[in-house]
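Enquirer: I have a structure here, written as structure tokens, and I will follow up with some questions on it.
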Amino acid sequence: MSLIRKEPESVFDIIGIGIGPFNLGLAALLDSVPELDAVFFEKKQEFDWHPGMLIEGTTLQVPFLADLVSMADVKSRFSFLNYLQEHKRLYHFYFLENFKIPRKEYNHYCRWTADQLEECRFGKEVIDVALFELNGEFLYEVHVRDTGTEAVERYFSKHLVIGTGTQPFVPEHLRSKLGNTVFHSSQYLEKKHYCLGAKSVTVIGSGQSAAEVFYDLVKEQSKFGFKLSWFTRSKGFFPMEYSKLGLEYFSPDYIHFFYNLPQDKKDEILPEQDLLYKGISAKTIADIYDLLYERSVAEEMPDVQLQSMTEVLDIEERKGAWSLRCLQWIKEEEFEHSSDVVILGTGYRPGIPGFLSGIKNLICWDDRGRYQVTRDYRLKTHINTPNEIFVQNGELHTHGVGAPDLGLGAYRNSVIINYLAGREVYPVHEKNVFQTFGLGKKCVTISV
């Protein structure tokens with residue numbers, strides 16, 4: 001593990017890898033913590049949050065308070081409300097009377113924040129990480145390639161924060177078919193023109209992305225005249241859980257409860273909680289239904305097909321189109337469906353970044369090849385040094401459904417900063433909800 005290295009000119013306290021909303025929020029909150037020196041690297045040339053899904057009219061599924069900093073520090077200059085004030089749009093937002101802001105606006109707000117943080121460096125790809133000992137002190141050596149010049153630089157840090165996020169997921173048996181007419185929903189706006197020039201389009205999936213793509217195409221259908229289908233293997237096109245008590249699952253309280261469960265119990269619970277974070281917003285469902293209803297006036301039924309309980313088993317190219325072999329799994333009946341374009345709204349999955357290959361043997365993995373993560377978001381390792389690797393949105397299996405939620409990003413970053421600073425920089429409250437997830441103080445346990 002120990003390698004001979006020359007004395008580094010400078011050592012950061014933290015190097016963040018990836019600049020999505022979570023690491024950008026960490027950088028913003030660290031801006032007022034002078035004792036911690038940080039730098040963040042992102043291979044993209046600029047901040048761009050899901051550009052393929054910045055569809056006109058789409059909004060965040062969380063309130064504007066789930067910005068980069070407000071849930072930790074409402075007085076921060078990087079709050080969404082200050083962004084509005086700086087852009088002379090505060091009254092516009094006041095009259096809007098809507099907690100859900102446009103996705104396009106959230107992206108612009110994040111860019112505004114990134115532009116003010118010198119420690120956020122874009123066009124810089126982390127390609128390798130190593131741990132070495134120098135004069136009795138262990139440091140991470142991070143190799144960073146400039147995506148413009150291809151030059152590779154070395155940086156040194158005591159700690160790392162991985163914020164590379166999740167990646168578009170495509171079932172393995174469909175990956176060889178990907179191209180201009182079979183693609184993941186994350187590429188929708190980039191490849192939308194293929195849909196508008198087609199005779200038939202099929203959307204696959206039951207989440208918000210699939211619903212937004214379908215709705216956008218329904219609005220285009222009367223002009224371009226294509227047939228539109230929407231298949232999902234789910235039992236229906238169901239709304240995401242959005243009741244006030246249901247939302248309390250996205251709280252530090254539930255994280256604490258979930259984290260302390262045995263891992264086999266966690267793995268049992270998570271698939272049953274899909275509608276807490278994978279469903280469709282009730283508004284999007286209503287918008288789709290209302291438009292279809294309006295189109296059905298005077299028996300002018302739109303050429304659409306919505307079918308749940310349907311799994312796509314395979315896709316084959318046939319006579320210039322795609323033949324989908326499908327299974328209606330309740331009736332256990334197979335059928336074929338033809339489509340010129342197929343859009344896969346098949347979600348996102350966490351991945352293990354390639355730059356960790358050099359220290360992969362130092363990290364503790366569970367029996368499914370996933371990170372083992374402490375309650376305060378540190379990866380468990382086989383080394384006995386003070387050097388930590390923190391993870392952002394890679395702990396769904398250990399911390400529960402709140403891992404990808406924007407509203408908990410500032411909380412997680414508060415925990416990370418407090419740990420690194422060795423003091424309470426940002427208050428972390430123990431009781432945040434009305435309900436109790438485990439046993440309440442008034443409960444008396446009995447033997448069964």
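Enquirer: For helix 103-115, what angle does its Cα long axis make with the longest principal axis of the chain, in degrees from 0 to 90 and rounded to 10?
Expert: Around 20 degrees separate the two axes.
Enquirer: A further question on this structure: Express in whole angstrom the spacing between the alpha-carbon centres of region 184-255 and region 300-314.
Expert: Result: 13 Å between the Cα centres.
Enquirer: Relative to the longest principal axis of the chain, what angle (0 to 90°, nearest 10) does the C-alpha long axis of helix 208-224 take?
Expert: Around 40 degrees separate the two axes.
Enquirer: Taking the chain as a Gaussian network, Cα atoms linked when under 10 Å apart, which of Tyr83, Tyr140, Tyr411 shows the biggest mean-square fluctuation?
Expert: Tyr83
Enquirer: Under a 1.4 Å probe, what is the accessible area of the chain per residue, stated in Å²?
Expert: In whole numbers, the chain has 52 Å² accessible per residue.
Enquirer: Then there is this: Write down the percent of antiparallel bridges among all DSSP beta bridges whose residues are both part of region 236-344, to the nearest 5.
Expert: Of the beta bridges lying entirely in region 236-344, close to 95 percent run antiparallel.
Enquirer: Excluding Pro171 itself, calculate the net charge of residues whose Cβ lies under 12 Å from the Cβ of Pro171, where each Lys or Arg counts +1 and each Asp or Glu counts -1.
Expert: Charge balance in the 12 Å sphere: +1.
Enquirer: From the protein chains alone at 1.4 Å, what is the descending order of accessible area for Thr164, Thr58, largest first?
Expert: Thr164, Thr58
Enquirer: Same structure again: Report the residue, chosen from His173, His397, His256, that carries the largest GNM mean-square fluctuation when the chain is represented by alpha-carbon nodes joined by springs under 10 Å.
Expert: For the chain, modelled as a Gaussian network with Cα springs under 10 Å, the answer is His173.
Enquirer: Related question: Can you work out the Karplus-derived ³J(HN,Hα) for every residue in region 430-437? Use 6.51 cos²θ - 1.76 cosθ + 1.60 with θ = phi - 60°, whole Hz, and x for glycine or proline.
Expert: Those phi angles translate into 7, 10, 10, 10, 7, 8, 10, 8 Hz.
Enquirer: Can you list residues from other chains, or at least 5 along the same chain, whose modelled amide H is less than 5 Å from the amide H of Tyr348?
Expert: Sorted by chain and number, the residues that satisfy this are Phe169.
Enquirer: Using DSSP, restrict attention to beta bridges with both residues in the chain and report what percent are antiparallel, rounded to the nearest 5.
Expert: DSSP beta bridges in the chain are roughly 55 percent antiparallel.
Enquirer: Something else: In percent, how large is the relative contact order of the chain, given Cα pairs closer than 8 Å and 6 or more residues apart?
Expert: Relative CO of the chain lands at 21 percent.
Enquirer: For region 1-94, what is the relative contact order in percent, using Cα pairs closer than 8 Å and at least 6 residues apart in sequence? All intermediate terms of the calculation are to be shown ahead of the outcome.
Expert: Numbers: 69 pairs, mean separation 22.2, N = 94.
Answer for region 1-94 is 24 percent.
Enquirer: What does the C-alpha gyration tensor say about the overall shape of region 247-404? Classify as rounded when a/c is under 1.5, otherwise prolate if a/b is larger than b/c, or oblate.
Expert: Verdict is prolate for region 247-404.
Enquirer: Could I ask something else about it? Amide H to amide H, which residues 5 or more places from Thr381 or on other chains are under 5 Å from it, using H placed in the peptide plane?
Expert: Amide H to amide H, under 5 Å and 5 or more residues apart or across chains, Thr381 pairs with Cys364.
Enquirer: Let me ask another. So what does Asp314 come to for accessible area, using a 1.4 Å probe and Å² rounded to 10?
Expert: Rounded to the nearest 10, the figure is 40 Å².
Enquirer: Something else: Contact order normalised by length for region 286-355, with contacts defined as Cα pairs under 8 Å and 6 or more residues apart; what percent is it?
Expert: After rounding, I find 18 percent.
Enquirer: Name the trypsin sites (Lys or Arg not before Pro) in region 157-210 that are in a loop by DSSP and that have at most 14 other C-beta atoms within 10 Å, would you? Show your work: numbers first, answer last.
Expert: Values: sites: Lys158, Arg175, Lys177, Lys191, Lys192, Lys199; in loops: Lys199.
In loop regions of region 157-210 (DSSP not H, G, I, E or B), the sparsely surrounded trypsin sites (Lys or Arg not before Pro) are Lys199.
Enquirer: Now for a different question. So for Thr166, Thr149, Thr310, what's the accessible-area order with a 1.4 Å probe, most first?
Expert: Thr149, Thr166, Thr310
Enquirer: Summing Lys, Arg as +1 and Asp, Glu as -1, what charge do residues with Cβ under 15 Å from the Cβ of Ser338 carry, Ser338 excluded?
Expert: -1
Enquirer: Something else about it: Just to confirm the number: angle between the C-alpha axis of helix 21-30 and the first principal axis of the chain, 0 to 90 degrees, nearest 10?
Expert: 30
Enquirer: Then there is this: Could you tell me which GluC sites (Glu not before Pro) in region 299-363 are loop residues by DSSP with no more than 12 other beta carbons within 10 angstrom of their beta carbon?
Expert: Hits after loop and neighbour filter: Glu300, Glu332.
Enquirer: For Leu306, list long-range residues whose amide hydrogen, built 1.01 Å from N in the peptide plane, is under 5 Å from its own amide hydrogen.
Expert: Amide H neighbours of Leu306, under 5 Å, 5+ apart: Trp230.
Enquirer: Using a 1.4 angstrom probe with every protein chain in place, what is the largest-first accessible-area order of Asp367, Asp340?
Expert: Solvent-accessible surface, decreasing: Asp367, Asp340.
Enquirer: Take the solvent-accessible surface of the protein heavy atoms, probe 1.4 Å, and return the percent of it on the chain that carbon and sulfur atoms account for.
Expert: 52
Enquirer: What trypsin sites (Lys or Arg not before Pro) in region 296-382 are in a loop by DSSP, with at most 11 other Cβ atoms within 10 Å of the Cβ?
Expert: Of the trypsin sites (Lys or Arg not before Pro), the ones in loops of region 296-382 whose Cβ has at most 11 other Cβ atoms within 10 Å are Lys319, Lys331, Arg368.
The values are calculated or read from the model by the stated rules, or taken from the named source; none is laboratory data. This structure is a prediction, so every number in the text was calculated from the model and none was measured. As a convention, Cβ positions derive from the backbone with ideal geometry for all residues, glycine included, and neighbour counts pool all protein chains shown. Remember, those area values only see protein heavy atoms, side chains included, never the ligands or the DNA or RNA. Shrake-Rupley method; radii C 1.70, N 1.55, O 1.52, S 1.80 Å.
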